[in-house]
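Q: My structure is below; once you've seen it, I'll send some questions.
Only the coordinates and a few stated rules stand behind these numbers; no lab work does. What you are looking at is a predicted structure, and each value in this text was computed from that prediction instead of being measured. Cβ placement follows ideal geometry from the backbone for every residue including glycine, while neighbour counts extend to all protein chains displayed.
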Amino acid sequence: MALIRILVDGYSLLHQWPELAAGAPRHSAAARDALVEVLTQYQDACGTPVTIFFDGNRSRYTKPKNDSISGVEVLFSRAGQTADDLIERAAHRFQEYGEVMVVTNDRLERDMVTGFGGTTASCENFILMIGGALQDLSEKLESRNRSERNAFRRGR
């Protein structure tokens with residue numbers, strides 16, 4: 001079955017990725033924005049839609065609005081619910097359309113998702129996947145640019 005969507009526990013991933021938005025608190029808008037930016041690049045490289053879930057009740061100032069950028073969707077839980085609740089519901093609902101992958105370091109969450117047939121990845125493994133995909137994309141772009149420059153120089 002084809003992977004149709006990647007569901008990411010945003011704060012779980014941010015806590016495992018201190019190099020991303022270094023110096024910014026993990027629950028800050030700057031850290032969230034950096035995560036959305038890198039996951040947008042990853043989505044561009046792999047083509048699989050990504051949904052990032054954040055616990056909205058942790059936002060200290062104003063609750064950020066839900067946002068959707070191309071193939072990346074950003075959702076915040078409401079009061080009385082957690083990002084985990086939303087991830088479980090989404091993973092269950094997408095199940096009939098194909099395979100979803102949930103990215104989290106929450107073992108209970110991963111067990112729940114695999115229990116009804118979903119795939120999971122630890123945050124550390126997903127960070128490695130992102131790095132590999134972005135490196136591959138960079139190499140393909142460099143190769144394409146080099147070939148276009150050579151064709152231009154030859155006077156196509």
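Q: How big is the charge dipole of the chain about its Cα centre, in debye rounded to the nearest 20, if each Lys and Arg gets +1 on its Cβ and each Asp and Glu gets -1 on its Cβ?
A: 680 debye
Q: Related question: Rounding to the nearest 20 debye, state how big the charge dipole of region 1-57 is about its Cα centre with +1 on each Lys and Arg Cβ and -1 on each Asp and Glu Cβ.
A: About 100 debye.
Q: Between Arg153 and Leu141, what is the label-point separation in nm under the 7 Å Cα-to-beta-carbon projection?
A: 2.2 nm
Q: Using a 10 angstrom Cβ neighbour count of at most 12 plus a DSSP loop assignment to flag exposed chymotrypsin sites (Phe, Trp or Tyr not before Pro), which longest range of the chain is free of such sites?
A: For chymotrypsin sites (Phe, Trp or Tyr not before Pro) (loop position, at most 12 other Cβ atoms within 10 Å), the longest site-free span of the chain is 1-60.
Q: Continuing with this model, one more query. At 222 nm, what value in deg cm²/dmol follows for the chain if DSSP H runs of at least 4 each add -39500 (n - 2.57) and the sum is divided by all its residues, to the nearest 500?
A: Helices in the chain give a 222 nm mean residue ellipticity of -16000 deg cm²/dmol.
Q: Translational diffusion coefficient, Stokes-Einstein: compute it for the chain using the Kirkwood radius over C-alpha pairs as Rh, at 10 °C and 1.306 mPa s, and state it as an integer in µm² s⁻¹.
A: The Stokes-Einstein estimate is 95 µm²/s.
Q: How much of the DSSP beta bridge set in the chain is antiparallel, as a percent to the nearest 5?
A: 15 percent
Q: Right, another one. Under a GNM of the chain (C-alpha, springs under 10 Å), which listed residue has the highest mean-square fluctuation: Leu13, Leu128, Leu86?
A: Judging by the Gaussian network model, the answer is Leu128.
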